[in-house]
Structures are given as structure tokens and as C-alpha cells.
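Everything below concerns the one structure shown next.
The values are calculated or read from the model by the stated rules, or taken from the named source; none is laboratory data. What you are looking at is a predicted structure, and each value in this text was computed from that prediction instead of being measured. Cβ placement follows ideal geometry from the backbone for every residue including glycine, while neighbour counts extend to all protein chains displayed.
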Amino acid sequence: HDHLLSAGQLTREDIEAVLDRAAEMAADPAGVAERHADRLLALCFFEPSTRTKMSFDAAMKRLGGDTVDMGTVESSSVKKGESLADTVRVIEGYADGIVLRHPSEGAAKLAAEFVDVPVVNAGDGAGQHPSQTLLDLYTMRENAGLDDLTVGIMGDLKYGRTVHSLAEALATFDARMHFVSPESLRLPRSVQFDLHEAGARLREHTELDEVLPELDVLYVTRIQRERFPDENEYQKVAGQYQIDADTLAAARDDLTVMHPLPRVDEIAPDVDGTEHAQYFPQAHNGVPVRMALLDELLSGDGGDR
Ligand code: CP
């Protein structure tokens, strides 16, 4: 693939190839330390990020390459009114690939229409976040395996882009999915439609305790306050769907708890020290997984790498 825009473009084989490559790179980082020594990756983040931006930066440097950073909206010429299309057309002349995070759904797809270098969608509004999905699946594979999985996905299913991408990818592994959220934050119809088209096995719930004992993985998400058009609507759901160590007493001993992070108050700190907690290793997996992804995208030009 030239670009990574949504999880739906990835087959099970595509995903497994990236995860296998990531595991190889994690086991032997020295073997790829010069692999992309002459390459530059542009980091274009129109929204805040810690993990995605820094782990792409680290991944590119671990491959021997380097990065160029657009900076923030405030410090770039976006502030002067430059369009996304013009911005990426300029930046493609500075780098061999573009990682783009933007508040508008469809922004990465639009950017990809204007440039010839690979574009990675690092989050487009409430749309998709497919590279997050790859590290999520890597983490699930390490902890629970990807066969015959039962996954609970809880929190903001409406605005949570990591959920939209993850659900599409889990459908390709034929996982059973239980979506737990307030009525007002259920999966968007468009995502439900795609999942049904893919033959996904899913159910919706408002209470975690209906499904917790069955789960192999519980994927908790933050309520995406910045996406709510009305702060009052956010306040109605804020503080719901939290877990702590007591909640997990009803779970299987081998339940894996994940979260794309940042968390606000969805997972109490008393979960951090339990065997369930995998959200920090999950964030760390972003580096080898993004190394493998970049290797695939930057080697896709017929070169002999
Ligand atoms: N999980 C994730 O996308 O985190 P950041 O917003 O910090 O990149």
C-alpha cells in the first residue's frame, strides 16, 4: 500500500506481516539501525500528541532515518490560513513520507490525493487511527493471541477513532466484540455498517458487568471531550465507565486491560500494579510496530531495501 489511511484497507495477512516484522525488529534493533539512513519523515500534527508523534519520531530514528517536524498549528503557517492541501504539497518536497494528525475526518485521505509520498493517517478527527490499531493488535497478540478472541471495548465509541479502526481490524480476525458505552456514545452508524458488511460478531451493552467475566481483553477509552459540540453533553457522561482493581475482581485472571492513552479517570491507578494492566507496554509497542510500518511504506517504491 502507498498510504495507510484506515484500518479497513488492511487484510489479515497485511496486519500479520507488519506484526511479524515488528517482532523481528524488536528482537534485533541493531539489524535495522541503518536501514533507512538516507530517509526523512515529516511529522505534521495539527492536534496534540505525545505517543503517536514521539513513537513515529523514535521509530524513524531507530531505522537510521530522521524527521522534520511541522511544529504546532500556532507555530506554523497554518496559523496564517494556509490550506491543508498546500501544506502537504510543500512538505512532500522536504521528506519521503508524511505522518498526519488533523481534527477533520477525511483529512489524511484528502492529503493523500495531493502528494506522491506515503501518508499515514495518525488520527483524523473522530475518524480513524490505523497505526494505533497495529500496536493494539501487537499487544493483544503478545498477551492473548489473536485467535478466538473476546474483546470488550468500553467508553467513547462515538468519537473514539482508535475504536473505529480497532473494530474493523478485529473483524478480520473474527473476534467477538462487546461494545460497552452510554446510549449517547454508541458506535456511529457508518462504522456499524462497515462491521456488519465484514460479517463482524458484535453486541452492544450499557453495563460492563454483563460481559466482563467473558473477556480476554478489555479496551478502555477516554471520553473525547474535545469532540463534543456541547460541553453539557460531555458533563452528562463524564466520569462514567471507570474501572478500578475492585471492578476487575469479576474478570478472568488472564484478562488483558488496554487503553490507547492518554487516560483521564477511566482506569484507577490501583489497576496499574496488577497483572491485567498492559497499557504502558502497549504504548511502548508503538516504536517497533511503527518501525515495521514505516519500513513497509518507505520500501514500497521498488527499491532494494
Ligand atoms: N494513543 C494516542 O494516539 O496518543 P497521543 O494522542 O498521545 O498520540
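The table below gives the values:
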{"read-out": "When residues of region 213-245 are limited to those that are over 24 Å from the mean Cα position of the chain (by Cα) and touching a residue at least 12 places away in the same chain (Cβ under 8 Å), the one farthest from the ligand (Cβ to nearest atom)", "value": "PRO213"}
{"read-out": "Residues of region 258-270 satisfying the condition of being in a helix (DSSP H, G or I) and surrounded by 21 or more Cβ atoms within 10 Å (Cβ to Cβ)", "value": "none"}
{"read-out": "Candidate set from region 112-122 (those that are touching a residue at least 40 places away in the same chain (Cβ under 8 Å) and in contact with a helix residue (DSSP H, G or I) (Cβ under 8 Å, 6 or more places away or on another chain)); member that is surrounded by the fewest Cβ atoms within 10 Å (Cβ to Cβ)", "value": "PRO118"}
{"read-out": "Residue in region 291-301 that is away from the ligand (no atom under 16 Å from the Cβ), over 23 Å from the mean Cα position of the chain (by Cα) and not in a helix (DSSP H, G or I) present", "value": "yes"}
{"read-out": "In region 112-137, residue nearest to the ligand (Cβ to nearest atom) [restricted to those that are within 20 Å of SER55 (Cβ to Cβ) and part of a helix (DSSP H, G or I)]", "value": "GLN132"}
{"read-out": "Failed item, numbered, when ALA144 is tested on (1) within 16 Å of the ligand (Cβ to nearest atom); (2) touching a strand residue (DSSP E or B) at 6+ places or on another chain (Cβ under 6 Å); (3) in the same structural domain as ARG161 (by TED's automatic domain parsing)", "value": "(1)"}
{"read-out": "Verdict on HIS196 being without any contact (Cβ under 8 Å) to a residue 12 or more places away in the chain and touching a strand residue (DSSP E or B) at 6+ places or on another chain (Cβ under 9 Å)", "value": "yes"}
{"read-out": "Of the criteria (1) within 15 Å of the ligand (Cβ to nearest atom); (2) at positive phi, which one ALA108 fails", "value": "(2)"}
{"read-out": "Only listed residue being away from the ligand (no atom under 16 Å from the Cβ), in the same structural domain as LEU212 (by TED's automatic domain parsing) and β-branched (Val, Ile, Thr), chosen from VAL257, VAL271, VAL264", "value": "VAL271"}
